[in-house]
């Protein structure tokens, strides 16, 4: 089993959790530089351990509980923007992902320590990265928090949002062709009520995780589902 220990880089206050045979060296462009077990120099993105003032490397997410976001994207026609997972994915390749957008909350380096990225900023950044829609054209005004959920498999503390994206389906798929982002194979637009009926019905195996994942998925949280239904019913006007 991998053992970790706290290390510090001179002049940086935030402790870094690294495998015992790794050595923390420096910070470059917000990433932690380290020597791995072979002595090779590498860089990786840091993430905070949930609720603690300690960071770890993104590649070791399976060892630590951290913060993430899920965003359900609604189209201007009040349908869901969903995507088919890349056929290159190790888990559920080619399946439909019920989470339109998913991603990790970053640890941001500034003034000799790391700070947690604002969770709303994480959501908007991930929307931009995965859809190709410029970050400057997105607004927190259209971002609605639905609740929080803990994924029992990854131990991620997920903050769930809904967002109405002012973009056409054609634009999202055109952006895929121009992007190096290879997690999404294709975007499509689907009726919200149809999606819910499929996910909680016999068509569940179309979706990533299938029936095994359904009981512990965020959508099975009754409070989150109720707020999501309200977002759909009132076309995003839930204030």
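Things worth noting here:
- Under the shape rule built on the C-alpha gyration tensor, where the axes satisfy a ≥ b ≥ c, region 67-233 is rounded, since a/c falls short of 1.5.
- Coarse-grained scattering of region 18-70 at q = 0.23 Å⁻¹, given as base-10 log I(q)/I(0) from a Debye sum over alpha-carbon atoms: -0.90
- Sequence-distant contacts, meaning Cα pairs under 8 Å at least 6 residues apart, place the relative contact order of region 102-219 at 17 percent.
- Sites residue 88 and residue 223 - FRET efficiency at Förster radius 41 Å, r taken between beta-carbons, to 0.05: 0.75
- Mean separation of Cα contacts under 8 Å, 6 or more apart, over the residue count of the chain: relative contact order %: 18 percent
- DSSP beta bridges in region 4-61 [antiparallel fraction, %, rounded to 5]: 90 percent
- The relative contact order of region 4-61, computed from alpha carbon pairs under 8 Å that lie at least 6 residues apart in sequence, is 26 percent.
- For region 1-154, the C-alpha radius of gyration sits at 1.17 times the compact-globule guess of 2.2 N^0.38 Å, with N the residue count.
No value in this document is a laboratory result; all are computed from the given coordinates. Bear in mind the structure is a predicted one, so any value in this text is a computation, not a measurement. Cβ atoms come from the backbone with ideal geometry, glycine included; neighbour counts cover every protein chain shown.
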